[in-house]
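One structure below.
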Amino acid sequence: MRHFEFAAGLVAWSAFIFLAITSIRELRALFYELFLYIHIVFQAVAMGFLFFHHASAQIYVGIALGIWIIDRIVYRCYLKRFYTTCKITVLPDGTTARVTIDLRSAISEKDIVQWKTGDHFFLTIPAVSSFQNHPFSVASLPPPHSATMDFIIRSQEGFSKRLLRASDSDDISLAAIIDGPYGSSHAVSCLEDSATAVLIAGGSGIAAVYPLAREMKLREDTKRIILVWIIHEGVQQEWLKPDDIQTLRDANVEVTVYVTKGVARPDLRDIVQDLVVDGDDDSVGIVVCGPDGMIRDVRNTVARLLWKGYNVGLVSEKYGW
Ligand SMILES: Cc1cc2nc3c(=O)[nH]c(=O)nc-3n(C[C@H](O)[C@H](O)[C@H](O)COP(=O)(O)OP(=O)(O)OC[C@H]3O[C@@H](n4cnc5c(N)ncnc54)[C@H](O)[C@@H]3O)c2cc1C
């Protein structure tokens, strides 16, 4: 092997090692945007030098590049990208915004956005940042059940905080690019295949869970549906639109909202256990979306129940990867 090929291999190897180190979950959580840029740049470096390292690697680098180009340009930049405007409303708790896209404002056939309940989109708001896109669950039902696409966005430290800061006055409209839909039908199938559907949300997890409760009611009016929403402060109930909870209750969905400020959190292990063990039905499907600890509690409880022979299905939706 010539000296250059050996050196190229060394650079490619180092770049892959660096990629692996900078992809560690804790680093991603702390510096997500930096992680993303490092990942893209060093992936290109690694693949570029791998190409020159050995002739037999060139076909694989070529195929990988081809797939990447098709994904990025054809799929994400053309087929899945929608240019629109959105209305941003800062909600009463002051740290959450509702982003609303009026689906009736679609200019052409190509701009009519379709999605399935439970899906998420990547949202770019050029007025806040042209280079960042962030995933958010669609908190409203797909057309024709809703004329708007709604997102409930909690302020963190980066894009979301700047979004709220950019809209701290009255409702404002900003240009937006949405890329999607993405997601799976696991949650809908798990709930649909069960006699009792249990939806558990922690905080902004309601964005992923609320439309599922509505969807289940639309699909099967007789199904027993239970929604448990745990929030820290009562004002956070205004993340949903005024009638949203009542709409569910009017449809015989059993909705319980726990406000935990100043009181002990409800024990989800007991709640899930009781719903499964004391429930009349022989199969229970559970979808949970919320903080890691909440998901862990539900998962461990379901594992114990499965071990005891109960027919329980579980899908956990996490706001992160
Ligand atoms: C499938 C999915 C659905 C989501 N749905 C919602 C929702 O409906 N409402 C809501 O408030 N939040 C949702 N989130 C989380 C939301 O994407 C992040 O809170 C947001 O990207 C934070 O951006 P930031 O720049 O303000 O965050 P930062 O303050 O920079 O980071 C806060 C946290 O968000 C993570 N994060 C930052 N950027 C991204 C990104 N582009 N992709 C994934 N994670 C990122 C970081 O790792 C960190 O853990 C969802 C996440 C995923 C993966």
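What follows is calculated from the coordinates using simple rules that are stated; it is not laboratory data. Everything numeric in this text was worked out from a predicted model, so none of it was measured. When we count neighbours, we look across all protein chains shown, and the Cβ atoms used for this are built from the backbone with ideal geometry, even at glycine.
A compact table of results
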read-out	value
Whole-Hz couplings from phi, Karplus 6.51/-1.76/1.60, listed for the range 184-198; x for Gly and Pro	10, 9, 4, 4, 4, 5, 4, 6, 5, 7, 10, 6, 10, 10, 10
Residue of Ala197, Ala147, Ala20 that the Gaussian network model of the chain assigns the largest fluctuation, springs spanning Cα pairs under 10 Å	Ala20
Karplus 3J(HN,Hα) series, Hz, for the range 88-99 with 6.51 cos²θ - 1.76 cosθ + 1.60 (x for Gly, Pro)	10, 10, 7, 7, x, 6, x, 10, 9, 10, 9, 9
Amide H contacts under 5 Å for Asp119, placed H, 5+ residues apart	Val138
Antiparallel %, DSSP beta bridges [both residues in the range 74-231], to 5	80
Separation in nanometres of the label points that stand 7 Å from Cα toward Cβ, at Arg28 and Glu254	3.7
Cβ-based charge dipole, the range 203-321, positive-most Cα from Gly262, Val277, Asn300	Asn300
Residue order, fewest to most beta carbons within 10 Å, for Tyr83, Tyr258	Tyr83, Tyr258
Chain lengthening between Thr222 and Tyr78 when straightened (0.36 nm per residue, less Cα-Cα)	47.7 nm
Sites Ser189 and Val11 - FRET efficiency at Förster radius 41 Å, r taken between beta-carbons, to 0.05	0.35
Calculated on alpha-carbon atoms, Rg and Dmax of the range 186-318 in Å	13.8, 41
DSSP beta bridge pairing in the chain, given as percent antiparallel to the nearest 5	50
In Hz, Karplus ³J(HN,Hα) per residue of the range 174-181 (6.51, -1.76, 1.60; θ = phi - 60°; x = Gly, Pro)	10, 5, 9, 10, 10, 10, x, x
CD proxy at 222 nm, helix term only [per DSSP H run n ≥ 4: -39500 (n - 2.57); per residue of the chain; nearest 500]	-12000 deg cm²/dmol
Bridge type composition, the range 186-318 - antiparallel percent by DSSP, nearest 5	0
Relative contact order (%) - the range 182-312, alpha-carbon pairs under 8 angstrom, separation at least six	32
Relative contact order, percent, the range 2-78 [alpha-carbon distance under 8 Å, six or more residues apart]	36
Residue order, fewest to most surrounding Cβ atoms within 10 angstrom, among Trp239, Trp13	Trp13, Trp239
Part-to-part distance (alpha-carbon centres) for the range 65-95 and the range 232-267, which is given in Å	30
Placed amide H near Ile286: partners under 5 Å, 5+ positions off or other chain	Val198, Gly313, Leu314, Val315
Helix runs (DSSP H) in the chain reaching 27 Å along axis by Cα, Kyte-Doolittle at least 0.0	3-22, 32-53
Fewest-first sequence of Cys86, Cys190, Cys289 by Cβ atoms within 10 Å of each Cβ	Cys190, Cys86, Cys289
